[in-house]
1. Pick out, from S100, Y3, T123, the residue whose Cα sits farthest towards the positive end of the charge dipole of the chain, with +1 on the Cβ of Lys and Arg and -1 on the Cβ of Asp and Glu.
2. Given the -39500 (n - 2.57) contribution per DSSP H run of 4+ residues, what per-residue ellipticity at 222 nm results for the chain, rounded to the nearest 500 deg cm²/dmol?
3. One-quarter of the Cα convex hull surface for segment 160-265, in nm²?
4. Only residues of segment 34-48 count here: report those whose backbone N is under 17 Å from the spot 7 Å along Cα→Cβ of T15, or say none.
5. Taking 0.36 nm per residue of sequence separation and subtracting the Cα-Cα distance, how much length would be gained by fully extending the chain between N172 and V263, in nm to one decimal?
6. Net charge around I251, counting only other residues with Cβ within less than 13 Å of its Cβ (Lys, Arg = +1; Asp, Glu = -1)?
7. For segment 73-140, count the residues as N, evaluate 2.2 N^0.38 Å, and divide the Cα radius of gyration by that value, please.
8. Can I get the semi-axes of the chain's equivalent ellipsoid? Compute them from the C-alpha gyration tensor as square roots of 5 times the eigenvalues, in angstrom, largest first.
Amino acid sequence: MRYEGVLTKMRTEITDVVQYYLVWENDFINMNQMLGKKMSLNFLRYQCLNCALEKKIYRQGFCYDCFSAIPQAGDWVISPEKSKAHLGEVDRDLEYEKRSQLQPHIVYLANSSDVKVGVTRKTQVPTRWIDQGAHEAIEIVEVPNRYLAGITEVALKDHVSDKTNWRKMLTNDIRDLNLEEEREKLKEFIPEEAREYYIANNKETEIKFPVQQFPEKVKSLNLVKNPFYEGVLRGIKGQYLIFEDGTVFNIRGNEGLVVEMKVLV
């Protein structure tokens, strides 16, 4: 089987084990069905996810010009506390920013190697947790806009990390924690503006990933520097493909690359 197209992050479905789908322009693959099979990846060219031109990808699948201009790449995306739509202040496109920022957001704890705090739109639960490779997660607050979520995250990350250790996540070097207890410890540090939105009684969500074999050490595949790779797929976690030889490939981190994928066995 041969596929060719621009990489975008895998779509996911939470079942007993997360189902992963790699979506091309006119086709898709259930990547779970590729486990145990030899496959190859061949980098062909760039294609910006916004302008579709063959321009070098800068960040988030966008070329530099698009990343610098489009509202989908504003500072508030990475730093929610910089959101201003609730004040009626424009960053790049106020109507887009209102649609994105003025909707329910969740501040959560996720455990992919150790506990971390994060922010996502309510509509992205549990997708965001899956993308981070979290085997367990729990909501802390549900607030009506992105700004409140952002200032809550900023306050809490003085007491808990806001980063994922992707190497530990992929080698399954993880700690099992009681996230309800961890949430309770952080309650007193929630900013006053968000305190009324604290979630007290929900249970943590557990997530299982389709991995046949975790690597002892990981080697990150850079398709731009090494345009061709071939290996046996042994697992999928977060947005990473895990191969038998310990090579890992971050699909989301390579959005905007046009690749040829062949399933050989």
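Laboratory data are not the source of any read-out in this text; all were calculated from the coordinates shown. All values derive from a computational prediction rather than experimental measurement. For neighbour counting, all protein chains shown are included, and Cβ atoms are generated from backbone atoms with ideal geometry for every residue, glycine included.
1. Value: Y3.
2. Numbers: 7 runs with 46 residues, N = 265.
After summing the helix terms and dividing by residue count, I get -4000 deg cm²/dmol.
3. On the way: hull surface 38.6 nm².
The directionally averaged projection comes out at 9.6 nm².
4. Counting backbone N atoms under 17 Å from the label point, the list is 34-36.
5. Values: separation 91, 0.36 × 91 = 32.76 nm, distance 2.62 nm.
Contour length minus the Cα-Cα distance gives 30.1 nm.
6. On the way: positive: K9, R11, K237, R252; negative: D131, E255.
Net charge around I251: +2.
7. Details: Rg = 13.2 Å, N = 68, 2.2 N^0.38 = 10.9 Å.
Relative to the 2.2 N^0.38 Å estimate, segment 73-140 comes out at 1.21.
8. Numbers: eigenvalues 212, 120, 40 Å².
Value: 33, 25, 14 Å, ordered largest first.
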